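Below you will find the structure I want to go over with you.
Just so you know, all these numbers are worked out from the coordinates, no wet-lab data involved. Since the model is a prediction, treat every value here as computed from it, not as a measurement. Glycine gets a Cβ as well: all are built from the backbone with ideal geometry, and neighbour counts include every protein chain shown.
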Amino acid sequence: MTVLQVIDSSFHEEVIKSDNPVLVDFWAPWCGPCRMVASAIDEIAEEYKNNLKVVKINTDQNPSTATKYGIRSIPTIMVFVEGRRVATVIGAVPKTTLASTLDKCLTED
């Protein structure tokens, strides 16, 4: 499963209206920590492909969405379930941190 690039105009359709939980990576190309966490995001997209959608949104090119969700530091990773933000992780964290956050979000029903 590839990581989908979303933009301001497609965010609502791809994330908020998604039938599956969605992990959103708010990032920018110049951001070193964003590049550090990119491989973990790709691995999570592959490992959780059966029950999670993974998208990235460039905060420089899509300021409306970044502003709406109060992004002040990147990378910021958010998890949305049924259109609601249920978790936020800020900074270049290890893949294990992302996985444990996801597991909590995906098992809460």
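Can you give the FRET efficiency for Lys17 and Ser39, using 1/(1 + (r/R0)^6), R0 = 30 Å, r = Cβ-Cβ distance, to the nearest 0.05?
Details: r = 29 Å, r/R0 = 0.95.
Here the calculated transfer efficiency is 0.55.
Sort by residue number and name the cysteines in the chain that have no neighbouring cysteine Cβ under 4.7 Å.
Among the cysteines of the chain, those whose Cβ sits 4.7 Å or more from every other are Cys105.
Which FRET efficiency, nearest 0.05, do Lys95 and Thr67 yield, Cβ-Cβ r, R0 25 Å?
Working from the Cβ atoms, E equals 0.35.
Also: When only C-alpha pairs under 8 Å and at least 6 residues apart count, what is the relative contact order of the range 4-101, in percent?
Computed value for the range 4-101: 39 percent relative contact order.
Which number comes out as Rg/Rh for the chain once both Rg and the Kirkwood Rh are worked out on C-alpha atoms?
Over the Cα atoms of the chain, Rg/Rh equals 0.92.
Here's another thing I want to ask about it. In debye to the nearest 20, how big a dipole does the chain give about its Cα centre with +1 on each Lys and Arg Cβ and -1 on each Asp and Glu Cβ?
Magnitude of the dipole: close to 320 debye.
Using +1 at the C-beta of Lys and Arg and -1 at the C-beta of Asp and Glu, which of Leu98, Phe26, His12 has the Cα lying farthest in the positive direction of the dipole of the chain?
Projecting each Cα onto the dipole axis, the largest value belongs to Phe26.
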